[in-house]
1. If I ask for residues that are under 15 Å from Ile173 (Cα atoms) and hydrophobic (A, V, I, L, M, F, W, C), which ones from region 53-71 would you list?
2. Quick check on region 130-159: of everything there that is assigned to a loop (DSSP other than H, G, I, E, B) and open to solvent by less than 70 Å² (accessible area, probe 1.4 Å), which residue is nearest to Asp47 (Cα to Cα)?
3. Regarding region 115-134, can at least one residue be identified that is under 19 Å from the mean Cα position of the chain (by Cα), under 20 Å from Ile77 (Cβ atoms) and small (Gly, Ala, Ser)?
4. With respect to Thr56, determine if the residue is open to solvent by 30 Å² or more (accessible area, probe 1.4 Å) and not charged (D, E, K, R).
5. Applying the selection to region 160-185, what residues are surrounded by 18 or more Cβ atoms within 10 Å (Cβ to Cβ) and of a type in the set (Val, Ile, Thr)?
6. Scan the helices (runs of 4 or more DSSP H) fully inside region 1-93 and keep the ones with 1 or more residues being of a type in the set (Ser, Thr, Tyr) and modelled with pLDDT of 85 or more.
7. Is it the case that Ala114 is of a type in the set (A, V, I, L, M) and exposed (fewer than 14 other Cβ atoms within 10 Å of the Cβ)?
Amino acid sequence: MKRFAQYLFLMLLTTVLGCASHPKSTATPAQIEALDTMVSNRSIEIDAKWARPLATQSLNNISNAGLLPYGSTANRIDLSGSTSYLRVLSDHVEAKLPYYGEQQMGGPYNPNNAGIEFEGTPKDFVLEPNEKNGGYTMKFAVNQGAENFQVTAQLFPSHSCTFNIVSSHRRSIQYDGTVSEYVEE
């Protein structure tokens, strides 16, 4: 019985130590300072690296037909080689992102502009510190013609980012990318 108690204690200790969480942030102080500067200057560029659409039957069919980029799946699509960005410039936002998913409302389809593109002044803009991850949470709404977009982004101190776009005409989509300071060309 004593041997069983020792074994049980050892297993419990291994489980507790194995499930310990990692530190909150793996970012360097320089990265944290750079993110704080970007946020205070409101000069942010997010370079989208991956699209994460809602995997529907039609998107699975496209994936099974081999029509997605190499290394992509129906719910994680590689965007390397494409111009994919979300920018915040003072009181102005702009985005050019490919869209993978389904349109929800009828309307004209333009094969030359099927992605998510908007440019303008955001409504209800919020950019606040996020205590959980040590970064920032950014939220805003923007209209582009008849379509409305709600954007929610998590900016992490390591300069990675994830953001979600909810559209009035399409299914929502999430993007993963990197954050840097926007420098006009």
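1. If the condition is that a residue be under 15 Å from Ile173 (Cα atoms) and hydrophobic (A, V, I, L, M, F, W, C), then Leu54, Ala55, Leu59 are the ones that fit.
2. Taking the candidates together, the pick is His159.
3. Yes, region 115-134 contains at least one residue that is under 19 Å from the mean Cα position of the chain (by Cα), under 20 Å from Ile77 (Cβ atoms) and small (Gly, Ala, Ser).
4. On the way: open to solvent by 30 Å² or more (accessible area, probe 1.4 Å): no; not charged (D, E, K, R): yes.
No.
5. Ile165, Ile173, Val179
6. On the way: elements: 2-18, 29-41, 57-64.
Ranges flagged: 29-41, 57-64.
7. On the way: of a type in the set (A, V, I, L, M): yes; exposed (fewer than 14 other Cβ atoms within 10 Å of the Cβ): yes.
Yes.
The values are calculated or read from the model by the stated rules, or taken from the named source; none is laboratory data. The model shown is predicted, which means the values in this text are computed figures rather than measured ones. Cβ coordinates were reconstructed from backbone atoms using ideal geometry, including for glycine residues, and neighbour counts include every protein chain displayed. What goes into the accessible areas is simple: the full protein's heavy atoms, side chains included, and nothing from ligands, DNA or RNA. Shrake-Rupley method; radii C 1.70, N 1.55, O 1.52, S 1.80 Å.
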